[in-house]
Amino acid sequence: MVRVTENFGGYGRRLSALWAALGVSLAIVAGSAFADNLQVPGADVTAGPARKTGGGFEFRRKLSSVDNPYCAIVTYVVPDLTTEASSTQTADDRSVIVIDASILKSEPDYAHFLMAHECCHHTLGHTKLTMRRSGGVGPQPFYYLRPLLKNMELDADGCAVRMLRLTDEPDAIESGRMRMSRFGDEQTGAYYPTGNERADNIARFAAEE
């Protein structure tokens, strides 16, 4: 849920589409955030996760994973992911994180912010809550989640900053702040905080004693 999706076409806007597709948009990002189109290019035409009754996704081919230093949750690397990163659960209720392969390669500091953000969505209970609330289909479940999304993203961003301080990664923190600041006064996703709100929140946690 890091809506940090801008590709920032990105973590902002793509994570929104992610939430909408789930009926719900985690670094993750925090936050973006929130697994929408976990499409898997290169497989057969039906490749990608299939939505199953009761929530969750079923991965139809083996994905590569990356070591996530911020939590023990399996983190898959997906080429051409439609959002920068996402936290979700599989069809058999396993917690997972997915991150776009190009982000890991081209922007390692920002990728670390995203992985920490998505870990926080899991450890703070956001992912289980959203998957449970969005178990049905259509806009109705999402209606009840809307008031929660803003605080979820801010909380996951703050949690990510604290993790990155513990691992002594100021560049990763700053990369997250800069990404958010690009949105300015625009929301980073549907019902998400604005870019400035998230950038200020990140800076506030980074300045903690």
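What separates the Cα centres of the stretch 66-95 and the stretch 158-209 is a distance of 21 Å. Per-residue SASA remark: Met178, around 90 Å² accessible (1.4 Å probe; ligands, DNA and RNA not included).
Determine the sum of side-chain charges near Arg162: Lys and Arg each +1, Asp and Glu each -1, restricted to other residues whose C-beta is under 13 angstrom from that of Arg162. Neighbourhood net charge equals -4.
The values are calculated or read from the model by the stated rules, or taken from the named source; none is laboratory data. Source: prediction; values computed, not measured. No Cβ is skipped: glycine too gets one built from the backbone with ideal geometry, and neighbour counts run over all protein chains shown. Areas reflect the complete protein model, heavy atoms only, side chains present, ligands, DNA and RNA absent. Shrake-Rupley method; radii C 1.70, N 1.55, O 1.52, S 1.80 Å.
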